[in-house]
1. Over the range A:2-222, what is the relative contact order in whole percent, taking alpha-carbon pairs under 8 Å and six or more residues apart?
2. Partner chain Cβ atoms within 10 Å, averaged over the residues of B:152-160 - can you pull that number for me?
3. What is the mean projected area of the alpha carbon convex hull for chain B, to one decimal in square nanometres?
4. To the nearest 20 debye, what is the magnitude of the charge dipole of the protein assembly as shown about its Cα centre, counting +1 on the Cβ of each Lys and Arg and -1 on the Cβ of each Asp and Glu?
5. Rounding to the nearest 20 debye, state how big the charge dipole of chain A is about its Cα centre with +1 on each Lys and Arg Cβ and -1 on each Asp and Glu Cβ.
6. For chain B, with a Gaussian network of springs between Cα atoms less than 10 Å apart, report the residue from B:M99, B:M152, B:M181 with the top mean-square fluctuation.
7. Starting from the Cα of B:L218, step 7 Å along the direction of its Cβ; do the same at B:A74; then give the gap between the two resulting points in nm.
8. Once you keep just the Cα pairs under 8 angstrom separated by 6 or more residues, what percentage relative contact order results for chain B?
Amino acid sequence: MTLFAVAAKDLKLHARDARYLATLVLFSAALVLILSVAFGPIFRDPAREASATVWAALFFAGILGLTRALDLEGESGGGDALRLTGSDPYALYLGKTLANFLLLAGVFVLVLPLTAIFFDVGDLRVLPALLGVAGLALIGYAAWGTLFAALARGLKARELLLSVLLFPSLVPLWIGAVKLTHALWDGGSIEPVRDWVKVMAAMDVLGLALAAWLYELLQEAGE
Amino acid sequence: MTAQLPGWWRMCAIGIWAAAGALIAWSLWSVAARAPVEAVMGPVQKIVYIHVPSAIVTLLAFGITFAAGIAYLATKQWIWDAVGAASCEIGMVFATVVMVTGPLWARSAWNTWWTWEPRLTTFFILWILYMGYHLVRASIRSTSRRTVSAIMGVVFFVNLPIVWKSVEWWRGSLHPRNVTMTGEMREILLLSMAAWLVFYVAVLERRLRLEWMREAALSEADAAASAAVPLKGVTA
């Protein structure tokens, strides 16, 4: 149960820092507001603009979350302590990924209704499908983001690695998320862009599989 | 390990550099003098003889960085780190050539310097990623540099198949799915590809020679330092 213990530990660290959580919430809301002002006030294609806004806001807020998680571990020495426990490195990775996934899911729950209100899009009937799309996107983002965060640990260029290199690495995931969200908000069905579900699932599996192989090597490199 | 390179290496290097020089001279002469002038685009079309081979060499170079990354992670031998980094550096040069010659072609063929077309966009993303590889690698001074570089080489490789297949996966691609040249044009394109591939191998050799000498100097310095420090508790 290392996985859940690590996830609970990371979430507890986040929860203790109320100022950080408030910053994350405000930052996400501000991003949605700025993008809606940039696209508006008269939207040409609200479904398209809203889907781009949700995922752009989520990406930037997610970077803030991943960076903070990295800082917390560095400040408290938690990363070194975890390695000393001798736990399975992949279980540690999955625990951190789960914590990051839940944090990102929290941001999504905030960003989604804000965007739906500002752009006047959305239909409750497509909500289950939309949550499915979000699940696929956030699993991939958390899986790759946690791997990149581990790669960036202790590096001078960690901002570069996280903010500049993570986004291009995940381009198939973002395109899929935007296209599927757009299809749901525009026509209520993902049928025309169904293949993107496979692309996103492949990115999720690839991220988790690469981490299974590389995370232990990264831990060794950090020692 | 000595700074002196093995004899077979030096002999091969001379042969590769001679072949690269001859092939490049022959291909440039062929492009300038023999290649037919295309009816619609005129002489600008000849950019294809630089653009396409550069793109092929870029993908090959980043593919070798990927393979060398796996080899380094499996064996932890410095040579694989050197091969990966060297290949990535050369790949970046060729990728930049592609990024420069592409808009020159596009202006004439599509009447715009840049368009958000699938292959252009995915290649630009690839360029950013591998530029980041060098910046991150240069910023690491610790022993983790090799492992981090190898992992980046493996992770960033995910984008190569996307660049390759982008013309099939996305609609609205202006790039052709296959290069369908015939006759003399095809011959000269294949010659240019061969020339730049051999040139890539030659530059890789030169770059690896530098790494070899650096590694030899480091191990000599380590050996001298350990010989100079007397063992604790041992008196003359």
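1. 27 percent.
2. Per residue, the number of nearby Cβ atoms from other chains is 4 on average.
3. With the hull built on Cα positions only, its mean projection is 16.5 nm².
4. Dipole size: approximately 440 debye.
5. 180
6. So, out of B:M99, B:M152, B:M181, the one fluctuating most is B:M181.
7. 2.3
8. Once normalised by length, the contact order is 34 percent.
FYI, it's all coordinate maths here, none of it is from the lab. Predicted model, so just to flag it, every value in this text is computed and none were measured. Virtual Cβ from ideal backbone geometry, glycine too; neighbours counted across all protein chains shown.
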